[in-house]
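Participant: Here it is, the structure in full.
The values are calculated or read from the model by the stated rules, or taken from the named source; none is laboratory data. The structure presented is a predicted model; accordingly, all values stated were derived computationally and were not measured. Note that we place each Cβ from the backbone using ideal geometry, even for glycine, and neighbour counts take in every protein chain shown. Areas reflect the complete protein model, heavy atoms only, side chains present, ligands, DNA and RNA absent. Shrake-Rupley method; radii C 1.70, N 1.55, O 1.52, S 1.80 Å.
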Amino acid sequence: MEGNSTHQPVLLFESIHALNIQENGIYIDATFGRGGHSRAILAKLSPKGKLLAIDKDPEAIAVGQILAQQDERFSIIHAPISSLEKIVVGMGWSHKVHGILFDLGVSSPQLDNPGRGFSFLHPGPLDMRMDCENGQSAGEWLAQAEESEISDVLKKYGEERYAQRIARAITNARNTQKLINTQQLAQIISQANPRWEKKKHPATRSFQAIRIFINRELEELYSALEQVKSVLAVRGHLAIISFHSLEDRIVKQFFKKNSQNGNTYLPSYLPITENQQQSPTFQILGKPIVPNLDETTRNPRSRSAKLRVAQKMAHHSP
């Protein structure tokens, strides 16, 4: 997620430090955005270093292609993060990547462009797709989804208390009007929400939920995390910036499950042979890192950011 209108990346110093960059190493920026993190990684690489970026947003790819023309150490591929392992295998980099950075969520350029349909603050088409060239838009889904399905999405991906009430309001509204505009949807949600949270727009949770669902963000994250095991070299670093509790919970559970801590729940009396004991894949490096006051003051969107870091300890056998 990029920062503000100048696209300043969140936790830039902290995430680059977390990657422990070796100047001749191979690195992956799995969520290019507008390239702030990528440029900082390139600044630490020698002429022999390599950086691959991935993004599913065609606008991000256009920015990345310009950078690729300027710097032969850099390349970018238009793909979802769930294609990580396939891409790396194609490049002959399996178990050779020294560091991977994930910067999850929606970027400021996406939020600030009304035409993308991510924001409830500006009128725009109900789209919300990260890759606007593929898949079903938010408007298309809301036009035909059952009330129960909409309610489930709002509850699961937005943790919305009034999911059922909002879902009913949406299905009632579409019987009399075509849902085509972000502010139109935001108004329907706001009117259906009986208890507004302080300093939070009543449509925030619902818009987050619909966006995550439309882009399969959590499924993509689950898939990519599993693939990281066969991508990273031993002692390679994995740095992940998340922006809401659902993402962070997935990352936290993945780290715990695949680290030394993940084996502590096994009772000591279980008859486990030496062959059955698996070495932990990762070592968790420190506590989660959050932006300092200076950064949150400059960039309020960074307030919810959380950086988790781990180091690969052993080869992963599928």
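Participant: Scan segment 66-81 for residues that are farther than 23 Å from Phe207 by Cβ and open to solvent by less than 50 Å² (accessible area, probe 1.4 Å) and report the count.
Facilitator: Pass one, segment 66-81, residues farther than 23 Å from Phe207 by Cβ: 66-79.
With open to solvent by less than 50 Å² (accessible area, probe 1.4 Å) added as a condition, the list becomes 67-68, 71, 73-76, 79.
Total meeting the criteria: 8.
Participant: So which residues in segment 137-160 are exposed (fewer than 15 other Cβ atoms within 10 Å of the Cβ) and not in a helix (DSSP H, G or I)?
Facilitator: Glu146, Glu159
Participant: For segment 50-124, give me every one of the helices (runs of 4 or more DSSP H) that falls completely inside it and has 1 or more residues that are outside the structural domain of His237 (by the TED database). Walk me through it before giving the result.
Facilitator: Details: elements: 58-70, 84-91, 108-112.
Per the criteria, 108-112.
Participant: Which pairs turn up if I take residues in segment 281-307 that are farther than 18 Å from Gln253 by Cβ and look for partners that are surrounded by fewer than 16 Cβ atoms within 10 Å (Cβ to Cβ) with beta carbon separation below 8 Å, at least 6 apart in sequence or on another chain?
Facilitator: Pro291/Arg303; Thr296/Arg303; Arg298/Asn4; Asn299/Asn4; Arg301/Asn4; Ala305/Val290
Participant: Can you pull out every residue in segment 282-309 that is in a loop (DSSP other than H, G, I, E, B) and of a type in the set (Ser, Thr, Tyr)?
Facilitator: Hit for segment 282-309 is Ser304, nothing else.
Participant: How many residues, within segment 219-255, are of a type outside the set (Gly, Ala, Ser), under 21 Å from Ser119 (Cβ atoms) and within 10 Å of the chain's Cα centre (by Cα)?
Facilitator: Total satisfying the criteria: 4.
Participant: Assuming Gln110 fulfils every condition listed in (1) at pLDDT below 95; (2) open to solvent by 20 Å² or more (accessible area, probe 1.4 Å); (3) touching a Phe, Trp or Tyr at 6+ places or on another chain (Cβ under 9 Å) apart from one, which condition is it?
Facilitator: (2)
Participant: Still on this model: Of everything in segment 222-249, what is under 9 Å from His98 (Cα atoms), surrounded by fewer than 19 Cβ atoms within 10 Å (Cβ to Cβ) and not charged (D, E, K, R)? Give them in sequence order.
Facilitator: Correct list: Ala233, Val234.
Participant: Tally time: how many residues in segment 85-107 are among the basic types (Lys, Arg) and open to solvent by less than 10 Å² (accessible area, probe 1.4 Å)?
Facilitator: 0
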